[in-house]
1. Scan the range 26-41 residue by residue and report those that are over 16 Å from His71 (Cβ atoms), open to solvent by 60 Å² or more (accessible area, probe 1.4 Å) and touching a strand residue (DSSP E or B) at 6+ places or on another chain (Cβ under 8 Å).
2. Of all residues in the range 9-28, which are in contact (Cβ under 8 Å) with a residue 12 or more places away in the chain and more than 16 Å from the chain's Cα centre (by Cα)?
3. Give me a count of the residues in the range 29-66 that are under 15 Å from Lys8 (Cβ atoms), in a strand (DSSP E or B) and more than 11 Å from the chain's Cα centre (by Cα).
4. Limited to the range 28-62, what total is found for residues that are of a type in the set (D, E, K, R) and touching a helix residue (DSSP H, G or I) at 6+ places or on another chain (Cβ under 6 Å)?
5. Here is a list of conditions, (1) out of contact with any strand residue (DSSP E or B) (no Cβ under 7 Å at 6 or more places or on another chain); (2) open to solvent by 70 Å² or more (accessible area, probe 1.4 Å); (3) not acidic (Asp, Glu), and Thr46 meets all of them except one; can you say which number that is?
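The values are calculated or read from the model by the stated rules, or taken from the named source; none is laboratory data. Predicted model only: the values in this text are computed from it and were never measured. Quick reminder, even Gly has a Cβ in these numbers, built from the backbone with ideal geometry, and neighbours come from all protein chains shown. Accessible surface areas use protein heavy atoms only, side chains included; no ligands, DNA or RNA. Shrake-Rupley method; radii C 1.70, N 1.55, O 1.52, S 1.80 Å.
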Amino acid sequence: MRAEDKLKAFATVTFDHCFVVRNMKIIEGNKGLILCMPSRKLADGTYKDIAHPINVEFRKVLEDRVLACYHDEVKKAGGAPVSAGAREDD
C-alpha cells in the first residue's frame, strides 16, 4: 500500500473555543485507523511532533473522539473516506 493510500483524512480540533490543533492525520495502520499528531521534518530527515498529548489517557480520549467524528463523516459521504474535522469543545 502506498503512503497516499494510507492517509484517510486530516483533522482539526478546537479545545474550549480557545486553542486549535491543525493537521492531525488519520492513517490506516496495520491494526486499523490511528491518529497522528502534526509534525515537521527535521534537517536529518526525521519527523518530530509539534503538538501532542502528554499522557496515555488523554491520547485515547482524543483519538476516540476524532475517529468517531471521522466515522460519522464517512457515513454521511456514503462510505467513501473524506477529509474530516473534529471539535472538542467540552
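1. Arg40, Lys41
2. Asp16, His17 - these are the residues of the range 9-28 that are in contact (Cβ under 8 Å) with a residue 12 or more places away in the chain and more than 16 Å from the chain's Cα centre (by Cα).
3. 2
4. Count: 1.
5. Result: Thr46 passes all but (2).
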